[in-house]
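In what follows, a structure is listed as structure tokens, so that the remarks can point back to it.
The numbers here are math on the coordinates, done by the rules we state, and not lab data. Computed from a predicted structure; not experimentally measured. Cβ sites come from the backbone with ideal geometry, for glycine too, and all protein chains shown count toward neighbours.
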Amino acid sequence: MSAVAGSPPDANPTRVWTVARAPSPVVFVTQVGAATGARAAAAALACTASGPDRAALLVVFSGNRAPRPTLIASAAARALEERLIAHLPGAQIASRGQICQLTLPTSREGIAQAAAALPLVRESTAVIHLSPPLLRPLLAEPRIKPTAALLRADLATDHPLTALAVRDLLDNGLRVAVLKHPLGWLQARAGALGVLPVAANPLPARTRERLLGTDDKTSQQCYDGKDGSESDGEQPHASTRKRVADAPGWSGAWRSRESSDA
């Protein structure tokens, strides 16, 4: 078809369409109350998100000494380790199996280092293990944009607190999953070394898909296991919210007491 008389010629006849790329997953992992096993769950999730050509970054906020690099690590894990060392001199960084671990202090400096490290992960996944008191400061850091959160919770003792935590995280726009049981010792050890294969990963498949963004469902059960009847939209009763908020040690991070993850 000929151009309409008097209309200017199309200076750019070629149209280029771009597709917005989904953000790389950034997953917070923490515990509710005195539940243990959150760090092991974080390592297992990092192993799940790793592959032959990509290594997940496991960020651990801890006052303990960082682990050493393992003798065997994937090329992707070593490449990520080298990038982090170049940009974060003096940081405690170690490639371990399929993953790369960054151990940071539980301070403002540590939060700033985590924010600086995330762009270096590029298109891989970052899994951040933190204690509940660090949740608010991390959510307030604009350079850290979490996409999901995994809670290790013992529902027999902390069900109301867990429901409150789930609602709080959903209100912040995160995808949420709850792990009701800790990993076994052997699985936790393999995950810490970065050598937990996907086929042997103890995290439920639905949990992994939800946290890593491969499940497109927007409303679904967020508790793992066949016996979980709770939904991610469950709202704790007003009396429960007041009782938890008035509890000793309440800091807005839905924790009933100070606890250290084992």
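Miscellaneous remarks
- Here's how it looks for Val29: its modeled amide H is under 5 Å from those of Ile128, His129, Leu130, Leu150, which are all 5 or more places away or on a different chain.
- Dimensionless Rg over Rh [the range 26-245; C-alpha; Kirkwood]: 0.96
- Virtual spin-label span in nm between Asp171 and Arg143, 7 Å along Cα→Cβ: 2.8
- A simple packing score, the average count of other Cβ atoms within 10 Å per residue, orders the peptides 122-130, 65-73, 27-35 as 27-35, 122-130, 65-73, with the highest score first.
- Cα centroid of the range 150-174 to Cα centroid of the range 23-81, whole Å: 22
- Alpha carbon convex hull of the range 124-219, volume per residue in cubic angstrom: 132
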